[in-house]
Amino acid sequence: MNMAQRKKIALVGAGNIGGELAALAARQELGDIWLFDIPDKVGVAQGKALDLEQNGAVLGYDAKIRGTSNWDDLAGADVVIVTAGVPRKPGMSRDDLLSVNLKIIRSVAESLRTRCPDAFVIVVSNPLDAMVYAMKEGTGFPAERVVGMAGILDAARLQMFLAEAAGVAVKDVRAMVLGGHGDTMVPVPSYCTINGIPVRQLIAADKIAAIIERTRNGGAEVVKLMGTSAYYAPASSAIQMARAFLHDEKRLVPCAAFLRGEYGYKDLYIGVPAILGGAGVEKVVEIALEDEEKRMLDNSAKAVRELIEASKRL
Ligand code: APR
């Protein structure tokens with residue numbers, strides 16, 4: 001790999017998700033990696049970076065990995081993945097994190113604005129839809145280059161539960177989850193298939209209903225078990241989006257994209273199917289929804305809008 005051609009990946013937040021993001025990006029040789037955290041945590045960022053660069057000697061990957069608390073080190077990044085903020089504790093909803101994480105995201109956006117003007121920015125911090133909206137506002141970057149990670153993760157949870165119920169390999173299950181990344185998320189059974197076969201032909205309706213409910217609480221289930229939020233599947237999901245951009249893959253995945261009238265919503269970030277490629281969010285894909293699904297999506301859009309309005313007052 002030629003140094004001059006290497007991509008630069010900036011990870012803002014070197015906590016649980018940040019560390020796993022760095023591990024995955026290094027293994028996939030997506031580029032050189034900067035792990036950023038606040039000055040109090042710079043040792044953690046630097047320690048993880050060193051450990052991971054040494055891991056390359058064992059696993060045979062080639063990536064320069066550095067930890068920093070200096071924003072200037074992120075200058076010119078091709079991709080920025082933002083996990084800065086606080087995760088949930090048991091009993092908390094994602095919305096409970098709004099005021100704390102909003103402050104953090106606004107300051108991160110301000111720091112990225114001048115240093116990474118061409119970056120594709122993937123937001124992971126919660127409450128996701130409001131945070132990604134704040135990131136777009138704060139950076140002023142075009143909406144195509146500011147996106148939120150939630151749908152791939154929520155769909156992954158749904159896929160795992162469906163695979164278990166049907167007794168099939170998880171890789172044969174495809175699922176779609178739309179809407180906000182919270183209690184109002186909209187798992188869409190009419191678009192869930194097992195190698196092309198609609199799940200409704202293979203799994204009983206009452207079982208699917210229970211699985212949908214478990215998916216909605218999928219994040220909380222993990223938080224309750226380990227006292228903090230999940231990080232393996234969230235990191236893999238964000239890396240899949242980063243890779244789609246860096247390799248111009250044209251992946252069609254659910255993610256929080258900025259809407260300009262699609263699905264009847266304007267000036268809103270919410271989970272929808274979108275095509276991710278070298279230009280960022282290249283297209284928001286509009287799909288037909290059953291009446292009940294559209295009603296649930298409207299309800300979710302309303303909840304996200306309320307959160308965005310609440311953040312404007314903070
Ligand atoms: N700039 C950079 N990093 C920051 C800032 C900031 N202004 N403020 C906090 N951080 C760092 C913390 O120091 C911490 O190291 O963000 C990191 C977050 O890491 P964890 O606490 O381990 O949280 P994690 O599990 O990685 O989740 C991060 O993603 O899924 C969401 O709900 C989750 O909002 C949470 C975020």
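Here are the numbers for the structure shown:
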| item | result |
| --- | --- |
| Heavy-atom SASA rank of Lys224, Lys64 (probe 1.4 Å, accessible area, largest first) | Lys224, Lys64 |
| Ranked packing of 262-274, 18-30, 41-53, most packed first, by mean Cβ within 10 Å | 18-30, 262-274, 41-53 |
| Centre separation in Å (Cα based) which lies between the range 207-271 and the range 159-192 | 11 |
| Linear extension gain, Lys224 paired with Glu292, 0.36 nm per residue minus alpha-carbon span | 21.5 nm |
| Pairwise label distance in nanometres, Leu50 with Asn70, each label 7 Å out on the Cα-Cβ vector | 1.7 |
| Cα centroid separation - the range 106-151 against the range 1-44, whole Å | 17 |
| Exceeding the 26 Å Cα-Cα cut-off - candidates Lys8/Lys136; Lys8/Lys89; Lys41/Lys89 | Lys8/Lys89 |
| In nm, spacing of pseudo-spin labels at Asp96 and Arg6 (7 Å Cα→C-beta vector) | 4.1 |
| Check: the range 177-301 dipole with +1 on Lys, Arg Cβ and -1 on Asp, Glu Cβ, in debye | 280 |
| Whether the chain is rounded, prolate or oblate, judged on the alpha carbon gyration tensor where a/c under 1.5 counts as rounded | prolate |
| DSSP H segments from the chain that extend 24 Å or more along their own axis, Cα-based, with Kyte-Doolittle mean of -0.5 or above | 42-59, 98-115 |
| Cα-projected label distance for His247 with Glu137, points at 7 Å along beta-carbon direction, nm | 3.6 |
| Among 279-288, 144-153, 101-110, the order from most to least packed when residues are scored by Cβ within 10 Å on average | 144-153, 101-110, 279-288 |
| Carbon + sulfur, % of accessible area of the chain - ligands and nucleic acids excluded, 1.4 Å | 51 |
| Accessible surface, per residue, of the chain when the full set of protein chains is kept, probe 1.4 Å, Å² | 44 |
| Cα shape, the range 169-250, gyration tensor, a/c 1.5 rule | oblate |
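The values are calculated or read from the model by the stated rules, or taken from the named source; none is laboratory data. It should be emphasised that the depicted structure is a prediction, and the values quoted were computed from it without experimental measurement. Virtual Cβ from ideal backbone geometry, glycine too; neighbours counted across all protein chains shown. Ligands, DNA and RNA are stripped out before the accessible areas are found, and what is left, the full protein with its side chains, is counted by its heavy atoms. Shrake-Rupley method; radii C 1.70, N 1.55, O 1.52, S 1.80 Å.
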